[in-house]
Amino acid sequence: MPKLGRMAASVTAAGLALSLAAFQSHADESAELIIDGTTIATKAAAPEGSPLEENISGWRFRSAETQALETDDFDNPGFVAVDYGAELWEDAAGSSGKSCASCHGDASESMKGLRTSMPKWNDEKGTLMTLEDHINWSREEHQGADPWKWESPEMLAMTAFLGVQSRGMPVNVKIDGPAEEWFNKGKELYYTRVGQLDLACANCHEDNWGNMIRADHLSQGQINGFPTYRLKWQGLGSTHRRFKGCMDNVRAKPFKRGSDEFTALELYIAWRGSGLSVETPAVRN
Ligand code: HEC
Ligand code: HEC
């Protein structure tokens with residue numbers, strides 16, 4: 001990222017806050033996200049124990065043009081993938097010869113609300129699992145099909161299609177019981193400075209949200225809209241792709257998509273964004 005490269009040359013990590021332009025207002029503080037007549041909560045009270053007072057969706061920080069793309073499903077470029085996900089839902093595959101629909105029926109009923117709880121603990125597998133992990137678990141062990149690659153068009157389409165079934169519902173992950181250890185690990189990673197720029201997620205998304213970093217309006221780094229359509233990517237990308245991108249930007253060696261580290265970080269960040277509506281597929285620049 002040449003942009004950050006130039007920035008790095010002029011500021012030390014400690015001086016980052018000072019070097020950011022003193023631009024405190026949000027893109028459009030008063031904007032409300034209304035999709036096809038339904039208001040989607042882009043602000044919510046932060047959960048108890050959070051360092052933030054209020055959770056604000058990344059949508060609020062985008063330009064009016066980018067915001068507008070998310071207000072109409074026909075304009076939202078992420079919906080091409082949602083439609084593909086709906087097709088895949090009906091496709092028979094694997095040794096079972098069954099489709100997702102043969103076992104799960106109507107996704108708008110069986111998958112409703114699921115995205116709000118992700119990632120979550122899976123008793124059978126004895127581990128914390130993301131939505132991607134659940135899909136591949138079911139493909140391999142129930143459907144008898146090959147797993148999809150993390151960032152494949154099929155996986156992005158299915159996570160988008162399943163995410164849409166929870167759109168407008170508040171994020172609400174479980175962080176107690178066996179998930180607690182993962183939560184703590186995710187929190188530790190969030191505050192660990194990494195890379196040549198020696199910055200933690202918190203240095204930007206907790207200490208400096210609302211400020212400008214170059215041309216970008218820094219948000220709280222919430223994940224309620226994933227998979228998200230990024231104009232820069234010209235397509236959908238997973239939560240872990242975004243994490244990886246932010247680690248690349250501070251010149252750190254990023255963890256792998258699907259790694260325990262990113263799964264733990266995902267749980268912690270999902271919790272920070274408790275109460276925000278699922279916005280999948282969100283549109284960002
Ligand atoms: C042969 C039947 C079968 C097929 C085909 C199948 N699943 Fe499943 N799936 C299950 C069972 C059984 C479970 C575990 C228990 C449950 O949720 O009912 C499950 C669980 C899941 C879960 C976790 C649900 C939760 O509430 O935690 C997801 C997500 C899922 N499947 C997605 C899919 C997708 C996407 C496909 C198609 C690519 C698919 N499944 C195909 C039987 C199937
Ligand atoms: C040098 C500052 C910086 C650091 C450090 C940083 N990010 Fe970011 N991040 C950004 C910028 C800039 C954007 C794009 C504008 C925005 O949404 O904030 C962004 C965007 C994001 C988004 C997308 C938000 C949305 O609404 O779609 C997520 C999620 C995110 N970052 C997570 C992380 C995580 C996790 C870490 C730590 C591993 C991290 N970031 C570290 C600067 C940073």
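The values are calculated or read from the model by the stated rules, or taken from the named source; none is laboratory data. Quick caveat: nothing in here was measured; it's all calculated off a predicted structure. Cβ sites come from the backbone with ideal geometry, for glycine too, and all protein chains shown count toward neighbours. When the accessible area is computed, the model is the full protein with side chains, heavy atoms only, and any ligands, DNA or RNA have been set aside. Shrake-Rupley method; radii C 1.70, N 1.55, O 1.52, S 1.80 Å.
General remarks:
- For the stretch 199-277 and the stretch 152-181, distance of Cα centres in Å: 15 Å
- Other residues whose C-beta falls under 14 angstrom from the C-beta of M247 contribute a net charge of +4, scoring Lys and Arg +1 and Asp and Glu -1.
- Taking the Kirkwood radius as Rh and the Cα radius of gyration as Rg, the stretch 79-164 has a ratio of Rg/Rh equal to 0.93.
- Cα gyration tensor category, rounded, prolate or oblate, for the chain with a/c compared to 1.5: prolate
- Sequence-separation-based contact order of the chain, relative, with Cα cut under 8 Å and 6+ spacing, percent: 28 percent
- Pairs of lysines in the stretch 79-164 whose Cα atoms sit within less than 22 Å of one another amount to 5, provided the residues are eight or more positions apart or on different chains.
- Whether the stretch 110-251 is rounded, prolate or oblate, judged on the alpha carbon gyration tensor where a/c under 1.5 counts as rounded: prolate
- When only Cα pairs below 8 angstrom with a gap of at least 6 residues are kept, the stretch 58-128 shows a relative contact order of 12 percent.
- Solvent-accessible heavy-atom area per residue, rounded to whole Å², over the chain at 1.4 Å: 47 Å²
- Carbon/sulfur fraction of accessible area - the chain, other protein chains in place, 1.4 Å, %: 51 percent
- Virtual paramagnetic centre 7 Å along Cα→Cβ of S259, amide N under 15 Å, in the stretch 226-244: 240-244
- Projected label distance in nm at D207 and A45, using a 7 Å step from Cα toward the beta-carbon: 3.0 nm
- Shape of the stretch 195-279 from the C-alpha gyration tensor: rounded (a/c under 1.5, with a ≥ b ≥ c the square roots of its eigenvalues).
- Antiparallel DSSP beta bridges within the chain, as percent of all bridges there, nearest 5: 90 percent
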